[in-house]
Amino acid sequence: MILKKLFGRGGASPVPPAAEPPRPPEPERGPMLISGFDTADIEPLAAAFEKRLKAELPPQYRRFLLKYNGGETPNTDFHTGEVSSDLRALYGLGRADPHYHFDKLGRSLHSCLKQGMLPIGENAWGDTIALRLSGEGTGGVYFLYHDRAPRDFIFLTEDFAGFTALCSSKPLGHIRSVEERAEGLRARGRTPTPELAAMWEKEITHMAALRQEPLEF
């Protein structure tokens, strides 16, 4: 019965789509927020990571890694003269989310390291935020488009703290339920499907587990 109501199936006459219900007011944007990853054993993990990199992590970034082990950054963006981007997440070690783990980088990590750069995060389009580990401007933060030529790193800020100060976040606020999303879809003349509902459920569960907090390190 619930499926029939939600997805509009069954023999009853179709009901005209209702107007999409009003959404709660959007939270105001403010300083950078993060939902950090599990920091279990982060000290030895960070030390082993530096050994693997054959380089010391810049102090500001190392403090951040020890406190948060990276993390998800929903509703976060930053803007400079050359770059305007969201920030999806900053990478972590150990028990970090596999989607945002240094181990997932594979050959792209080695390619960046050859240029003295360490990828530390990404946006929704797969572009890279990177930290300079060696050479002039060590500790600076850069941006790399994944699909633009030439593939040059674009300077953002002189250090990691400056980059986080550049970022602005909006709290997640109300997370729309499956029913609310289905109503909104029908109001636009489209029919929700069980597959779409399953995807929504997974997304809602994930978002509800995030614990945004102001970034401090």
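The values are calculated or read from the model by the stated rules, or taken from the named source; none is laboratory data. If you're wondering where the values come from, they're calculated on a predicted model, not measured in any experiment. In this analysis, Cβ positions are derived from the backbone assuming ideal geometry, glycine residues included, and neighbour counts consider all displayed protein chains. Surface accessibility is based on the protein's heavy atoms, side chains included, excluding ligands, DNA and RNA. Shrake-Rupley method; radii C 1.70, N 1.55, O 1.52, S 1.80 Å.
On the given criteria, is Leu33 over 30 Å from Thr191 (Cβ atoms), within 15 Å of the chain's Cα centre (by Cα), at pLDDT 95 or above and open to solvent by less than 40 Å² (accessible area, probe 1.4 Å)? Yes, satisfied. Does at least one position in region 48-70 carry a residue that is in a loop (DSSP other than H, G, I, E, B), closer than 22 Å to Gly173 by Cβ and under 12 Å from the mean Cα position of the chain (by Cα)? No, the conditions are met nowhere in region 48-70.
Would you confirm whether any residue within region 37-45 is assigned to a helix (DSSP H, G or I), at pLDDT 55 or above and surrounded by fewer than 18 Cβ atoms within 10 Å (Cβ to Cβ)? Looking through region 37-45, at least one residue is assigned to a helix (DSSP H, G or I), at pLDDT 55 or above and surrounded by fewer than 18 Cβ atoms within 10 Å (Cβ to Cβ). Among the residues of region 4-20, not a single one is open to solvent by less than 50 Å² (accessible area, probe 1.4 Å) and at pLDDT 95 or above.
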